[in-house]
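One structure below.
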Amino acid sequence: MKHFAWNDLRDIVTVQGRTWEHEDTLYFNWSSSGFTVRFRGSALLAEFSAQSSEEYDGIPGDPNTPHRTVWPWISVFVDDNDQPCRTFELTNKSTKYLIYSGTDEQEHTVRVVKLTENIKTGLSLHGFDVDGEILMPVVEPIKKRIEFVGDSITCGFGLGTSEKDRFYYPQEENVWMAHGPTAARYLGMDWQMICISGICLAPRKEIPMPVAMNMLYEYTDWPAQQALELDADHWNFKEHPVDYVVINLGTNDATAASFSAVPKKIEEQYEKDYVHFLKTVRKCNGDKTKIICALGSMDYYFYDAMNRAVDTYRAETGDNNVYIFKYCRMSPMDPIGACGHPSELTQQKMAKELVAFIQALEKEL
């Protein structure tokens, strides 16, 4: 078999999501990030490094709560098939995995997608071993692109189970089937994601998260680069323009308010933080990008505050290329995912709602 290091491949392999390189390695930590490679041959192995984390198996912060190690999961897609040919866990810090094998020696396009989220799991690619040859990618027509910014709902947390009291298990988090990527595929758009379970719009002392979205949105991969003691790179928005940014943040901020003796203060601060965050998103993406401010489908406590923030932002900036969208509430007749999160059925309903909303915006163009 022929071996190809990442340095041999960067102009041949197509990457998806906010990926980055360091020391002849491609890092793809965000949900739904990954790469696509075209080759001719009978076998393709990828050399990965996987990063795990320790997850509470119960109430976080309780010293009596046991821990367990969680690892990343990926799906492998071949040619134009939207259904994966393989889905598996990577449980070694560095090893080679067979991602395609076949008896024929035809050309194939293989896409690898990370299903699990940043911070909880990390993943990087060092190179390939190929029984055959790596080919240049086919030049595809340019598609519109959509970016999803959010928390566990966006990540697809727990959609693979119907046990609502179950905690985080990576095999039950499948972002490919979450509402964002599902909607993008239906719309014929490419997509990228920046989402972390439990994340708030801005830091809230009531929820002891190491990051908040307003801390990391401008960066390629702030959590992972900080963990490696690297300077965090700013994401190159000009080289990776998006037509839409869909923001779904406020569910965890509302949870922080429920833990506070003065919830109104957190609501007021959320409103101010949202105005500032919109200015950041606009500055990063430019005037043409449509920003959709969404909330749901778990909690709507801060929906009115989000509306007021958008009104304030429009009044201050004159920017009317910003829209408000409300997902339908989770139906009590539908299954419920882990920790009360949307099930796969609810995620698919959310996708349909978002598709209809964006299609209406597309007709206005």
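The values are calculated or read from the model by the stated rules, or taken from the named source; none is laboratory data. Keep in mind that this is a model prediction, so the values were computed, not measured. No Cβ is skipped: glycine too gets one built from the backbone with ideal geometry, and neighbour counts run over all protein chains shown. Just the protein is used for accessible areas: all its heavy atoms, side chains included, with ligands, DNA and RNA removed. Shrake-Rupley method; radii C 1.70, N 1.55, O 1.52, S 1.80 Å.
Applying 1/(1 + (r/R0)^6) with R0 = 41 Å to the Cβ-Cβ distance of Asp57 and Glu140, what FRET efficiency is obtained, to the nearest 0.05?
On the way: r = 43 Å, r/R0 = 1.06.
It comes out at approximately 0.40.
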_Given axes a ≥ b ≥ c from the Cα gyration tensor, I'd like to know whether the stretch 95-158 is rounded (a/c under 1.5), prolate (a/b larger than b/c) or oblate._
oblate
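Please report, ordered by residue number, every helix of the chain (full DSSP H runs) that is 15 Å or longer along its axis going by C-alpha atoms and whose mean Kyte-Doolittle hydropathy reaches -0.5. Mind dumping the intermediate values first?
Numbers: long enough: 263-285 (32 Å, -1.35); 303-317 (21 Å, -1.03); 344-364 (31 Å, -0.32).
Those that clear 15 Å and a mean of -0.5 are 344-364.
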*Hey, what does the equivalent ellipsoid look like for the stretch 140-182, semi-axes from the Cα gyration tensor as sqrt of 5 times each eigenvalue, largest first, whole Å?*
26, 10, 7
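What are the GluC sites (Glu not before Pro) within the stretch 41-127 that DSSP puts in a loop, where the Cβ has at most 14 other Cβ atoms within 10 Å?
On the way: sites: Glu47, Glu54, Glu55, Glu89, Glu105, Glu107, Glu117; in loops: Glu105, Glu117.
Here the sparse-neighbourhood loop sites are Glu105.
Using the Cα gyration tensor of the stretch 227-290, with a ≥ b ≥ c the square roots of its eigenvalues, what is the shape: rounded (a/c below 1.5), prolate (a/b larger than b/c) or oblate (neither)?
Details: a/c = 2.88, a/b = 1.64, b/c = 1.76.
Oblate, since a/c reaches 1.5 and b/c is not below a/b.
Calculate for the chain the 222 nm mean residue ellipticity that helices alone would give, adding -39,500 (n - 2.57) per DSSP H run of length 4 or more and normalising by residue count, nearest 500 deg cm²/dmol. Present the calculation step by step, with values, prior to reporting the outcome.
Details: 8 runs with 90 residues, N = 365.
Theoretical 222 nm ellipticity from helices: -7500 deg cm²/dmol.
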*Can you give the net charge of the other residues whose Cβ lies under 11 Å from the Cβ of Phe48, counting K and R as +1 and D and E as -1?*
+2
*Per residue value of the accessible surface for the stretch 300-365 (all protein chains in place, 1.4 Å probe), Å²*: 52 Å²
*Which of the lysines could a cross-linker bridge to Lys93, judged by Cα under 18 Å and excluding same-chain residues fewer than eight apart?*
Lys114, Lys120
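Just the number please: accessible area per residue for the stretch 72-229, 1.4 Å probe, all protein chains included, in Å². Working shown, then result.
Numbers: 6610 Å² over 158 residues.
About 42 Å² of surface per residue is accessible.
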*What part of the accessible area of the chain, given as a whole %, is carbon or sulfur when the probe is 1.4 angstrom?*
50 percent
_GNM top mover of Ile12, Ile99, Ile199 - the chain, alpha-carbon springs below 10 Å_ = Ile12
_Among (1) 63, 56, 45; (2) 67, 49, 36; (3) 73, 53, 34, the entry that matches Cα extents along the principal axes in Å as calculated here_ = (1)
